[in-house]
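**Q** Below you will find the structure I want to go over with you.
The values are calculated or read from the model by the stated rules, or taken from the named source; none is laboratory data. Just so we're clear, the structure is a prediction, and the values are computed from it rather than from any experiment. Because the Cβ atoms are built from the backbone with ideal geometry, glycine has one as well, and the counts that use them run over all protein chains shown. Side chains are part of the model used for accessible areas, which takes the heavy atoms of the whole protein and leaves out ligands, DNA and RNA. Shrake-Rupley method; radii C 1.70, N 1.55, O 1.52, S 1.80 Å.
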Amino acid sequence: MARELSREELFALVWEKPTREIARDLGLSDVAIGKLCARLQVPKPPRGYWARVQAGQTLRRPPLSAFREELETRRLEAARERAAESLSKLQREFYLAALADLSGRGIDVRAAHPRGSRLPDLDADLAAQILLLIQGRAQDWVEEGRIATRWGTSVQSSATGLVERLLPSARAQLLLFETEGARHSYVAVNTG
């Protein structure tokens, strides 16, 4: 094949003529065309489609649905945009406390400092570390006086909101928040 077919070109081809003909025209096997369709998520006509066309039936071809990778990319971009919204004063304090703990462990967190009240675009591993620290230490930071507030439902909700906003940036981790009588778990999406 002289050049790579785009997903749209392949879709048009497989709905214009049988796979055997496409394969012959392109100098490939029909199995190779089938594998290319699977890799690019291009739907092929069902078994018997071409016989029905030859018999004079007018059949509709399905629309080319969105590529799963494109959908996932769009979903992650939307989640990152939501995460970039302004942090509350309390969320910023939790976030900075996590950065201070990581910095104290010798981890370079300069790129992770918020821009004003907005979250930066974080490395997946660093985001996961920040989430784990907030999960495990938020109440301790309040009780130790590092964050000037009293631990309660609204403070915990603020920390939970921060976790939810950081999740799209974090490498897959199981994150748990325990409240009195309830356990909430979150699974970060894998971006790396």
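**Q** Pairs please, first residue from region 63-78 and closer than 19 Å to Glu9 by Cβ, second anywhere and surrounded by 11 or more Cβ atoms within 10 Å (Cβ to Cβ) and at pLDDT 75 or above, Cβ atoms under 6 Å, 6+ apart in sequence or on different chains.
**A** Final answer for the pair search is Leu64/Phe11; Phe67/Gln41.
**Q** Exactly one of these conditions fails for Leu166: (1) over 21 Å from the mean Cα position of the chain (by Cα); (2) surrounded by 18 or more Cβ atoms within 10 Å (Cβ to Cβ). Give me its number.
**A** Single failed check for Leu166: (1).
**Q** Next up: Counting only residues that are open to solvent by less than 50 Å² (accessible area, probe 1.4 Å) and hydroxyl-bearing (Ser, Thr, Tyr), how many does region 144-163 have?
**A** 2
**Q** Name the one entry in Leu102, Leu76, Leu96 that is closer than 30 Å to Gln135 by Cα and in contact with a Ser or Thr (Cβ under 9 Å, 6 or more places away or on another chain).
**A** Answer to the check: Leu76.
**Q** Identify the residue in region 15-54 that is outside any helix (DSSP H, G or I) and either among the aliphatic types (A, V, I, L, M) or on the phi > 0 side of the Ramachandran plot (or both) and, among all such residues, is modelled with the lowest pLDDT.
**A** Gln41
**Q** Among the residues of region 1-36, what is the count of those that are farther than 17 Å from Leu59 by Cβ and open to solvent by 30 Å² or more (accessible area, probe 1.4 Å)?
**A** Qualifying residue count for the region: 19.
**Q** Check region 111-122 and report whether any residue there is assigned to a strand (DSSP E or B), surrounded by 11 or more Cβ atoms within 10 Å (Cβ to Cβ) and modelled with pLDDT under 85.
**A** Yes, region 111-122 contains at least one residue that is assigned to a strand (DSSP E or B), surrounded by 11 or more Cβ atoms within 10 Å (Cβ to Cβ) and modelled with pLDDT under 85.
**Q** As an exercise: evaluate Tyr95 against (1) of a type in the set (Ser, Thr, Tyr); (2) open to solvent by less than 20 Å² (accessible area, probe 1.4 Å); (3) under 21 Å from the mean Cα position of the chain (by Cα) and give the number of the one condition it does not meet.
**A** (3)
**Q** Residue check: is Asp125 modelled with pLDDT of 90 or more, outside any loop (DSSP other than H, G, I, E, B), out of contact with any helix residue (DSSP H, G or I) (no Cβ under 9 Å at 6 or more places or on another chain) and open to solvent by 50 Å² or more (accessible area, probe 1.4 Å)?
**A** So Asp125 fails the test.
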